[in-house]
Amino acid sequence: MSVLVIGAYGNVGNHVVDGLLSAGMPVRGTSRKPRTGEVPDAVEMVRLDLTEPETLPAALEGVKKVFLYANQDGVTEFVGAARAAGVEHVVLLSSSAVVQPAARHSRSAQLHSVVEETLRESGIAWTFLRPTTFAALQLRFAPMIRSGEEVVRIPFPRLRTAAIHERDIADVAVRALTGAGHEGKAYWLTGPEALTQQECIEVIGAVLGRRIEVAELAPEDAEPKMPESFVRTMTELMKAPCAVTSAVEEVTGAPARSFRQWAEEHIKDFS
């Protein structure tokens, strides 16, 4: 029986596909717009849009386990179709916002909580992955860094996060999808160290071999404009301690990858 990876082209989903194939599992991947040559030939790609319930039955046929990303729109229909197809276990890509005190009232926390609660009540076994900030979020600064600017102006440069490598999230997902004992578990996933936004950019500069200065930009001057609710959440997170967990190593047996390793792997994006 295939494992269904919803969002097989995504930052995490593509690594889940690779990990499942390495584990010898048959994989079916989904996308709203499947394309040829984007995943290994061994992966069966099908069209699935969680907001179009009619695309669910074919994607779920013969599937016992699913990797799902949180989408409030369509989750009720997904659960109904998954139960009808005989799905036994769903591994959900959720968010640490649902457990971080400073972020628990954010829009992200509300969205992910709705999806988690729907799965809890579904009767299907579940595992929740609650990662902190993706390291890939730093790619939003890539155009400025590639341009050669010596000073990068960003809002909240002192915001501290334990950014996580997307492959670490995927490794935990693969363990949950291929092993026993993960049902009913929720994992708060972080990278191995807490770094400020400024320190992350300085690491990228070090990997590039040049110094990048970081200057603070007032949130109201940022483009595109930041919603007030987002600014409030960021302000609260600035005041809160940054959690660093050992969940990645506990589940996979290997330490979480460092931010520098992520930067080294993405050097072409910044150069």
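The values are calculated or read from the model by the stated rules, or taken from the named source; none is laboratory data. The structure presented is a predicted model; accordingly, all values stated were derived computationally and were not measured. Backbone-built Cβ (ideal geometry, glycine too); neighbour counts: all protein chains shown. The protein model used for the area step is the full one, side chains on, heavy atoms only, and it has no ligands, DNA or RNA in it. Shrake-Rupley method; radii C 1.70, N 1.55, O 1.52, S 1.80 Å.
Assorted remarks:
- Surface composition of the chain: carbon plus sulfur atoms hold 49% of the accessible area, using a 1.4 angstrom probe and ignoring ligands, DNA and RNA.
- Comparing V46, G13, A59 along the charge dipole axis of segment 1-97, the residue lying farthest to the positive side is G13, per the Cβ-charge model.
- Neighbour cut-off at most 11 other Cβ (10 Å), DSSP loop, trypsin sites (Lys or Arg not before Pro), segment 215-244: K225
- Cross-link reach list, aspartates and glutamates versus K239, counting only Cα pairs under 20 Å and skipping chain neighbours closer than eight places: E193, E199, E216, E220, E228
- Segment 158-224 - accessible surface per residue (Å², probe 1.4 Å): 44
- Rolling a 1.4 angstrom probe over the protein heavy atoms with all chains in place gives segment 27-149 an accessible area of 47 Å² per residue.
- Using C-alpha pairs below 8 Å separated by at least 6 residues, the relative contact order for segment 2-78 is 35 percent.
- DSSP-loop GluC sites (Glu not before Pro) across segment 191-271, with at most 16 other Cβ within 10 angstrom: E193
- Among the GluC sites (Glu not before Pro) in segment 71-128, those placed in a DSSP loop whose Cβ has at most 12 other Cβ atoms within 10 Å are E121.
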